[in-house]
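Read the structure below first, then the notes.
Since every read-out is calculated from the coordinates, none of them should be taken as a lab result. In this text, all values refer to a predicted model and were calculated from it rather than measured experimentally. Glycine also receives a Cβ, built like all others from the backbone with ideal geometry; neighbour counts cover every protein chain displayed.
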Amino acid sequence: MRLVGIDIGAEEVRIAWAERRLGTTRRTRLERRPVRAPDAIAAVLADVARRRPDIVLTALPAALVTHRLLALPFRQPRRIARTAPLELLGQIPVDASGARLEDDDDLVVACAPVETTGAGSLVLAAAVRRADLDAHLARFADAGLHAVRVELAPLPAWSLVAEDDAALVLADGERSALTLRHGGRLAALRALGTSARDPARFGAEVRWSLAAAGGTDRIIVAGADATTALRAAIAEATGARVAPLADDDLAACAIAAGLVTTGDGRGRLALAGPRPEQAGSWRRAAVLAALAIGLGAVDAGLAHRELARRDAALTRAIAADAAAALPGTPIRAPAAQVEAAAAAARRRDTRLGGRASVLELLREVSDRVPPTVRLDLDELSVDGSTVLLHGRTDGFDAVDALRAALAASPALADVTADETRTAVDGRRVEFRLRAARRTGEGASS
């Protein structure tokens, strides 16, 4: 699955490509495409569309979004999803231009848990003008890009940061912003209004913004305007340790690269679009379907092999029993030879009387099996005065029918079923029937 993260800046479009295989995401390429006009942006997006990515991820700058960190006294996701928008809208009486909001439909509200505690949840909730979000999505739709997920910048850049206690400053013209993490959770998010090309004033705004959020002694700077002079100005203004995020290209593409980087997802917020794993669900479905077909074929092959093995074992057992019942007789067709011997014995017993012989019992049991009962016998033995049948059939009713049929035989008495249970395959019933041989006078021995 191919992912692309796209960050549209004032003077360039930053693009990060990645591949996801077997649950692992690997970033493959970073691109910085200079643009000077809206037509140039459209051309860049059209070029991305021609490469047919599976998932498209992008971000809106914090300056276009109004947000709050809300403390809610519960942790259930559904309750958070219902309550957080109401809490947020209750704290925003005016929109970004100062005009009172007449209709909540003018806004798109999204929320995501930042932290859960015993007392409830800390939730990041954000509201964006529907017109701003629709205009952003229209750029991608016009270029033929679909499955677009929009996140709140600069939060995706945290996927590139290992520190749990630090501030991340994005220096990128009018899209500049500051975020702060304490203990691995988002503690503050603020859009910066000062141009990063004025290092002294920018450093001053970072200083008082951090002071209002609780402060930190570790600051990481990213963005296209993250110059050495800017980092020095921030260090002088705040007194904190200041470091670049990475090399110039990765720092400039921090938002795009963060969008396609697998992380724990804490503090990230989707304003629109599917989750990244949902957009490629059809491919997973196809893989799972193919896997199911393959496993079905393997299962059928194993079942056929097991049936063949059991059939061969039963054939050998019949031949062995026939050889034991007909000593000195060459065995070529065991079933037919045993049946003929049983018929001869039955005629002899009819003529001479007396208790039924083993062969006659075998014939009697075979004749008594109801035609509607399908048997798969593992054992049929006559041990002295006891006849034992062990095998599987289609259900408990079939076991009862077989027991009743054998109980009606004049050659058998005290027919009982024990150890009747569902077989391992879950489809058939395993049973064990015992019966006593009757004597020639009709009493069991």
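The figures follow:
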read-out	value
Computed lengthening from LEU295 to ALA63, 0.36 nm per intervening residue step minus Cα-Cα distance	78.3 nm
From the coordinates shown, percent of Cα pairs over 31 Å apart corresponds to which of (1) 46; (2) 50; (3) 59	(3)
Linear extension gain, GLU163 paired with GLU236, 0.36 nm per residue minus alpha-carbon span	24.1 nm
Farthest toward positive dipole pole in the chain [+1 Lys/Arg, -1 Asp/Glu at C-beta], among ALA323, SER409, THR117	ALA323
Within the chain, percent of DSSP bridges classed antiparallel, to nearest 5	80 percent
Sum of -39500 (n - 2.57) over DSSP H runs of 4+, divided by residues of the chain (222 nm, nearest 500)	-12000 deg cm²/dmol
The chain, relative contact order in percent, only Cα pairs under 8 angstrom and at least six apart counted	12 percent
Förster radius 30 Å - calculated FRET efficiency between GLN91 and ALA10 (Cβ-Cβ, nearest 0.05)	0.50
Gaussian network model of the chain, springs between alpha carbon atoms under 10 Å - residue of ARG21, ARG434, ARG201 with greatest fluctuation	ARG434
Test item: Cα-centred dipole of the chain, Lys/Arg +1 and Asp/Glu -1 on Cβ, debye	1080 debye
Alpha-carbon centroids, region 100-172 and region 6-28: separation in whole Å	17 Å
Potential lengthening between HIS304 and ASP249 on full extension [0.36 nm per residue; Cα-Cα distance subtracted]	13.8 nm
Among LEU192, LEU178, LEU295, residue whose mean-square fluctuation peaks in a GNM of the chain (springs only between Cα atoms under 10 Å)	LEU295
Inter-part distance where region 373-445 and region 208-245 are each reduced to a Cα centre, Å	86 Å
Karplus 3J(HN,Hα) series, Hz, for region 416-422 with 6.51 cos²θ - 1.76 cosθ + 1.60 (x for Gly, Pro)	10, 10, 9, 6, 8, 7, 5
Approximate spin-label separation ALA71-ASP106, in nm, with each point projected 7 Å along Cα-to-Cβ	3.2 nm
THR420 paired with ALA407, simple spin-label distance in nm, labels 7 Å along Cα-to-beta-carbon	1.0 nm
Nitroxide proxy distance, nm - points 7 Å out along Cα→Cβ at ASP383 and ALA131	9.1 nm
Region 162-244: antiparallel DSSP beta bridges as a percent of all, rounded to 5	60 percent
